[in-house]
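To start, the structure under review is shown below, and the notes come after it.
The values are calculated or read from the model by the stated rules, or taken from the named source; none is laboratory data. Because the structure is predicted, anything quoted here is derived from the model rather than measured. Please note: Cβ atoms are built from the backbone with ideal geometry, for glycine as well, and neighbour counts cover all protein chains shown.
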Amino acid sequence: MSIRSSASRPKSASCGRRWPSAQCRPPTNFLGVFMWCVSAALAAWLMWMTAAGAFAQQLPIQYLTQQDGLGNLSVNTLVQDATGYLWVGTSNGVFRYNGAEFRRYAHKDGLMDTEIVALMFDREQRLWVGTREHLYVQAGGRFQRVPFEGDRGAAPDTSQSLALAADGSVLVQSGIELLRITESGGQFAVHRLFSKEQIRRMPSLYEVRTFLPEAGGRLWLSCGAALCVQDSRGVTEFGTRAGVPADEWQNMLRAADGTLWVRGKRHVIVLPAGAQQFVDRTPPGDVMRKATMGTSLVEDGDHRVLVSIDSGLARWGVGRWEMFGPGNGLKIGSGVTAMLVDRDQGLWLGTGGHGLARWMGYDNWENWGTGQGLPDDKVFAVRRDGAGRLRIGTRSGLVMLTTPDATRAVPVPGYRAEQWNSMVTDLQGQLWTSSYVGSLMREDLASGKVTQVATLPMIFQLLADRQGRLWISTAEGLYVIDDTRVPGAPRVAPGLPAGSGLVSEMTRRSCQSPDGTLWFLRPRMLWRLRGTEWTGHDLSTEESGEFDAMACVDDGSLWLGQSGTLWQAQLGPSGLVRHQVRSPLLRDHAIQSLHADRRGWLWVSTDVGLVVWNRRQWRQFDSSDGLVWNDLNSRQLFEEADGTMWITSTNGVSHVLRPERLFAPSPLSAIVEATERDGESLHLRDGGKLPWSTSALNLHMASLSYQHRNALRFRYRMAGLEQEWTTTSVPQLRYAALPPGSYRLQYSVSNLDTQSESEAGELRFTIVPPWWLSMWFFALCGVLGAATLLLLYRRRVRGLQQRNAQMESLVRERTGELEERGKELEARTRELELSQEALRERALRDGLTKAWNRAAMLEMMDQAIQKAQRDGGRFLLCLLDLDHFKRINDTHGHLAGDAVLRELVRRLNACVRPYDLVGRYGGEEFLVLLPDLTQANGAARVEAMRMAVASVPFDIGEQGALTVTSSFGVAEFDPARPAAGLELIRRADQALYRAKELGRNRIEYAAPP
């Protein structure tokens, strides 16, 4: 709902979409005429207050500010690229929004001045950025400045001072002149659009403030205080004679119907398609007074035009203006400086001081609360009375909206401040209203007289049937008034079956089928009244909950709600047949109320939002879609004659204006947004190559959908490395030290609320091996090794031959000497063996920390796995990573980092047993293998290692001491469910990643496979 001005309203405006046309005629009797006049006067007063911005319906606005990552709250311009990203130009840089987070572009990206005033995408989807000083274009991930006349930049002034011409050139309004930028061979050329001779003949061409290029080369522009158009005939000026008042024109828009809209400081004018005379369409009420406020102009998906005004927004549609401002909850600071209708027809507002605003459920959800005149936020009932006025029953009284354009509810005379929870209209048009305290009221709409008919036990629901009876469901039985034309006191319904519980116990829900059958619901029994015959149907199930929701369907079936379970029931020859209807959106929800509308759709209010089924799809809606509140336990859904729906809640009431839009397709897509390693961004494209590294590869996924963000679930797997898909709500992937080879990352995204899923995407890439692991290096090593062996063999053969000759000649003389030489040779052999063992151990040790290196740890882990499988034993594998280690290197230098790594290994060795293994896995990541320990008996030792790191600062030399913490991911090897070494490391790495996400300096254990 919006503030709608009475100015420019057609005579039939009072009989609008939410106002039955038959009720627009005033009554004919004297009292009715008097009441009608009072209502009309009240409505006129409310409309006047509305036009002044005093009262308004609460808009479902989400503000994205610094808490969401938007570093500057003064938004100057908005655009959306072909991929779906939102780009926000602020007074301190450009921000890109993917629905979950903002990324800032500034000095490090080439934007040397960051007061952004204009953004635009060209045909190649390159982003052009205009600042107060220069013009930039994005190329290769960075921004470069567009030069102009010896290093003087072309600098835009406003958000509509940068546009793409039909021929692909870029037009920019710099200062007070208009420039054209062309590109050839990667070089930009900047030209003045108008020659000095043209400006001499028409000086106003040197006072351009806004412009609009169109197909065919036609160009509209402001020229001084007038408007001009350039086409094949030259430049034509439109001044006061053409209906253009003198103004400082700032925005232009060509609407879908061909109308040209122009917004100035004080006026809004339009040029209808084919016309030569402009028409004034300035919003009424002098709402464009602030000369320094930024302006904007946009057309929404329903072809209505929105223009910024001093207090917020004005929207033109169906021949009149609607106003939105502070009374609607719209916070704009210094104004609505930018507007964008995204590809899903959602509306985004850039404000001067309140950040980026998203109008959730744009123009499909109306919300009403205490700010709009309700005496209480808890709403129990909504009903249209016989005069077409909307009644709203709350916990603290009954109010109504007297006209279709009313923006504030007013109290209904004659009703106390009670909990009015049910309303029905009988066959005579009389309104019956009940409260939880048992008051039953009847209102004669012709005279306006309100009469209390009775005081009963707690009333839950009223039902006016087609036979003229009124049924009253109470906490102590079922009551009825047999004829509402001559109403007497309610009585216990006659003919109730003995022992049915309908006589003196609680009956909450009732409804009537199209054939006239009446249904009454008790916690575990359903009673049917056909004619005068009562029939009971046992609803007992294995479920523990009681039945508390019911709806009759036009085909004669019933919907029944039992806690979080939904049933569909149909009367058959053998009695009531029912079956459970399962929906993933109702799992773990508490059903509050049910309604089957005229389309055959099922509406289900729950404790966590609204669920709707259109017989093909289930969809869930909550406050992120525009719903006033997620807790809908007020237990009523009301369908208007035009098919719109009212949903009551504990925090107001919502009105769904276009239910058919709830199921409008909203395509999902998933992308790999960024890849990084060691904190450095990698420009990885499909089919790209990455050098091998011992560091982890981090990939960030995104879905450029701005609805139901909390319901997004990302699925991924590395084909060839993982068999199972991983599902997560956090789109951040981490793969530790991928070995060289080719990989295929498969991914997709699904939305639980809309039950939709994107097509699967795939990112192919290759990890290039280092030179010492390449095939040519292995081949070279093989050739050199074979040649060396051959040379050694031949040398040894020659030596043996010579030695044999010498030994044959000296055998008899030097037998004793040979024995001594043999002993010496044996000693040397032992020394050689010891030396070889020392060399082997050195090759298996890390050069810096002296811990076992990666190869050694993998070998010893494989041996531990074989031993555990053979003996039935278990062991723990710990993967630990120093928190923020890169900061140590960046802040204190690599020597300090080396000292920390050496001290870490010393502390770890001090904490473990002599036969435990400590090794360096890569960078600041270490592996610790703890044989014969499980999570149950090894947790204390793992905690001791974590405390050994965090409890005492590390000595880093002259720079003093440094507190260091570490995060642990621990996986347990179970011989009953054996896993390969790399799989065990992967599980530990996932646990380590979870420890990082949960705050670091902690231990996380991997779940069993």
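A few points about this structure:
- Which listed residue, of VAL604, VAL611, VAL577, VAL581, is surrounded by fewer than 18 Cβ atoms within 10 Å (Cβ to Cβ) and either touching a Phe, Trp or Tyr at 6+ places or on another chain (Cβ under 9 Å) or closer than 21 Å to ASP642 by Cβ (or both): VAL581
- Residues in segment 967-1005 that are over 29 Å from the mean Cα position of the chain (by Cα) and assigned to a loop (DSSP other than H, G, I, E, B): ASP974, PRO975, ALA976, ARG977, PRO978, ALA979, ALA980, ASN1001, ARG1002.
- The helices (runs of 4 or more DSSP H) found wholly in segment 820-925 and carrying at least 3 residues that are modelled with pLDDT of 95 or more occupy 894-911.
- Tally of residues being out of contact with any Leu (no Cβ under 8 Å at 6 or more places or on another chain) and not β-branched (Val, Ile, Thr) across segment 583-609: 9
- Residue count for segment 202-257, restricted to those that are among the hydroxyl-bearing types (Ser, Thr, Tyr) and surrounded by 16 or more Cβ atoms within 10 Å (Cβ to Cβ): 4
- The single condition among (1) among the β-branched types (Val, Ile, Thr); (2) surrounded by fewer than 17 Cβ atoms within 10 Å (Cβ to Cβ); (3) touching a residue at least 24 places away in the same chain (Cβ under 8 Å) that VAL268 does not meet is (2).
- Residues (in contact with a Pro (Cβ under 8 Å, 6 or more places away or on another chain) and more than 14 Å from THR351 (Cα to Cα)) located in segment 72-124: ALA100, ALA118
- Residue ID - farthest from ASP377 (Cα to Cα), chosen from residues in segment 80-104 that are over 18 Å from the mean Cα position of the chain (by Cα) and hydrophobic (A, V, I, L, M, F, W, C): ALA82
- Segment 367-389, residues that are assigned to a strand (DSSP E or B) and surrounded by fewer than 20 Cβ atoms within 10 Å (Cβ to Cβ): none
Quick grid of which residues meet (1) touching a residue at least 24 places away in the same chain (Cβ under 8 Å); (2) aliphatic (A, V, I, L, M); (3) at negative phi; (4) not assigned by TED's automatic domain parsing to the domain that holds TYR747:
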| residue | (1), (2), (3), (4) |
| --- | --- |
| TRP601 | yes, no, yes, yes |
| SER605 | yes, no, yes, yes |
| GLY609 | no, no, no, yes |
| PHE621 | yes, no, yes, yes |
| SER624 | yes, no, yes, yes |
| GLN636 | yes, no, yes, yes |
| LEU662 | yes, yes, yes, yes |
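- Applying the criterion of at least 2 residues that are in contact with a Ser or Thr (Cβ under 7 Å, 6 or more places away or on another chain), under 25 Å from MET458 (Cα atoms) and aromatic (Phe, Trp, Tyr) to the strands (runs of 3 or more DSSP E) found wholly in segment 502-576 leaves 518-521.
- Residue that is modelled with the highest pLDDT [pool: residues in segment 125-139 that are touching a strand residue (DSSP E or B) at 6+ places or on another chain (Cβ under 9 Å) and outside any strand (DSSP E or B)]: ARG126
- Unmet requirement for MET945, which otherwise passes all of (1) farther than 15 Å from LEU879 by Cα; (2) assigned to a helix (DSSP H, G or I); (3) touching a residue at least 24 places away in the same chain (Cβ under 8 Å): (1)
A quick yes/no check of all residues on (1) within 22 Å of ARG524 (Cα to Cα); (2) out of contact with any helix residue (DSSP H, G or I) (no Cβ under 8 Å at 6 or more places or on another chain); (3) of a type in the set (Lys, Arg):
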| position | (1), (2), (3) |
| --- | --- |
| SER557 | yes, yes, no |
| GLY561 | yes, yes, no |
| TRP567 | yes, yes, no |
| PRO573 | yes, yes, no |
| ARG578 | yes, yes, yes |
| ARG587 | yes, yes, yes |
| ALA590 | yes, yes, no |
| ARG615 | no, yes, yes |
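- Within the option set ASP444, ASP405, ASP465, being in contact with a helix residue (DSSP H, G or I) (Cβ under 7 Å, 6 or more places away or on another chain) and either in contact (Cβ under 8 Å) with a residue 24 or more places away in the chain or on the phi < 0 side of the Ramachandran plot (or both) holds for one residue only, ASP405.
- Checklist (1) more than 29 Å from ALA980 (Cβ to Cβ); (2) under 52 Å from the mean Cα position of the chain (by Cα) applied to LEU876, failing item: (1)
- Residue ID - modelled with the highest pLDDT, chosen from residues in segment 786-819 that are outside any helix (DSSP H, G or I) and surrounded by 10 or more Cβ atoms within 10 Å (Cβ to Cβ): ARG814
- Restricting attention to segment 408-422 and to residues that are touching a strand residue (DSSP E or B) at 6+ places or on another chain (Cβ under 6 Å) and surrounded by 20 or more Cβ atoms within 10 Å (Cβ to Cβ), the residue that is nearest to GLY652 (Cα to Cα) turns out to be ALA409.
- Scanning segment 468-495 for residues that are among the aliphatic types (A, V, I, L, M) and either in contact with a helix residue (DSSP H, G or I) (Cβ under 8 Å, 6 or more places away or on another chain) or closer than 20 Å to TRP420 by Cβ (or both) gives LEU470, ILE472, ALA475, ILE481.
- Residues within segment 115-126 that are within 14 Å of VAL88 (Cα to Cα) and either without any contact (Cβ under 8 Å) to a residue 24 or more places away in the chain or crowded, with 21+ Cβ neighbours inside 10 Å (or both), tallied: 5
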